[in-house]
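One structure is given below, encoded as structure tokens.
The values are calculated or read from the model by the stated rules, or taken from the named source; none is laboratory data. Everything quoted here is computed from the prediction, not taken from an experiment. So basically every Cβ, Gly included, is an ideal-geometry build from the backbone, and we count neighbours across all protein chains shown. Ligands, DNA and RNA are stripped out before the accessible areas are found, and what is left, the full protein with its side chains, is counted by its heavy atoms. Shrake-Rupley method; radii C 1.70, N 1.55, O 1.52, S 1.80 Å.
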Amino acid sequence: MQAARFSRFGGPEVLELVELPDPVPGPGEVRVAVRAAGVNASDWKKRQGRMDQELPQTLGYEAAGVVDRLGEGVTDVAAGDRVFGFSAGAAQAELTVLVHYAPIPPSLGFAEAAALPVAVETAARALDQLGVQDGETLLVNGASGSIGRTAVQLASARGARVIGTCGPGSHDRVRALGAEPVTYGDGLAERVRGLAGGVDRALDVAGSGVLPELIELAAGPERVLTIADFAGAQRYGVRFSRGDGGRALYALGRIGGLVESGRFEVPIGRTFALADIAEAHRVGEAGQVRGKLILLAG
């Protein structure tokens, strides 16, 4: 099979498609013929040598495709089923093994399904760790990004009132997702107070240096969680969420219900052929496309 790989650290030009042996699923895993794979910031951080130092490296953690081989003990899907989920780190390929997976909601195509795993698991985990409940007011800092939009929709589905920070150009978009938009920047706390007085909890997905304001609005660091500001979390005593503390993998199986009921939408920013992975990295690093970047294979 063909797979995206780099054998040295550097810019997008180090990426190449290479022939690798077809992967074999282990117990409880499934192999899929990949139709779409997500592109994330961790991909170019790895390529730049800012994460794992091992070489060579394959890329990609989330994919959607058609099951073509079952691992031992798998009984919940069959060959030919459409599924999406997490791979072990080689999703940007013609074939990949999914270690956690769920059926693709009937109304979604492969590209939309491939945009789900990272955003849905991350947002659900953060809301769980914050303890967001029905009737509470949640402030999401960075509500217009992929994870921010997902957190807004999942929190709204829980019955929370959501206030979301974003740029002026994103207000209508954030409002349509079920949040009350406020512009980020100087005076944020005053603008939030103008809407709600204070908030019960606050989630930072942008890492924009606003943790002191969030702590003030939520009345304490224990009511604030960040997925994007590790240094700030240490400085201010705020919780920092990452997958090694337990993952919300259950959310993959539940998101279909929200999608099919019209309570969850999946924003796709731009799609690329697998062969154009270098261009996908250039576009992603430039940060000028709203919505998820997706590689199409097959």
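Annotations
- Restricting 291, 253 to residues that are small (Gly, Ala, Ser) and either over 26 Å from residue 185 (Cβ atoms) or out of contact with any Ser or Thr (no Cβ under 9 Å at 6 or more places or on another chain) (or both) narrows the list to 253.
- Matching entry among 157, 179 (being closer than 22 Å to residue 289 by Cβ and touching a helix residue (DSSP H, G or I) at 6+ places or on another chain (Cβ under 7 Å)): 179
- Only one of the listed residues (71, 65, 60) is surrounded by fewer than 20 Cβ atoms within 10 Å (Cβ to Cβ), touching a residue at least 24 places away in the same chain (Cβ under 8 Å) and not charged (D, E, K, R). That residue is 71.
- Any strands (runs of 3 or more DSSP E) falling wholly within the range 193-298 and containing at least 1 residues that are in contact with a strand residue (DSSP E or B) (Cβ under 6 Å, 6 or more places away or on another chain) and farther than 23 Å from residue 101 by Cβ: 201-204, 224-226, 268-273
- For the range 21-44, the set of residues classified as in a loop (DSSP other than H, G, I, E, B) and either open to solvent by 70 Å² or more (accessible area, probe 1.4 Å) or in contact with a Cys (Cβ under 9 Å, 6 or more places away or on another chain) (or both) consists of 21, 22, 24, 27, listed by residue number.
- Residue match in the range 130-143 (condition: open to solvent by 30 Å² or more (accessible area, probe 1.4 Å), under 16 Å from the mean Cα position of the chain (by Cα) and not charged (D, E, K, R)): no
- Test: residue in the range 159-167 that is in contact with a Leu (Cβ under 7 Å, 6 or more places away or on another chain), modelled with pLDDT of 95 or more and outside any strand (DSSP E or B): yes
- Residue within the range 98-114 that is touching a residue at least 12 places away in the same chain (Cβ under 8 Å), open to solvent by less than 10 Å² (accessible area, probe 1.4 Å) and of a type in the set (Val, Ile, Thr) present: no
- Residue selected from the range 151-196 under the condition closer than 22 Å to residue 122 by Cα and without any contact (Cβ under 8 Å) to a residue 12 or more places away in the chain, by the criterion least open to solvent (accessible area, probe 1.4 Å): 176
- Within the range 74-89, the set of residues being open to solvent by less than 30 Å² (accessible area, probe 1.4 Å) and either polar (S, T, N, Q) or at negative phi (or both) comprises 74, 77, 83, 84, 86, 87.
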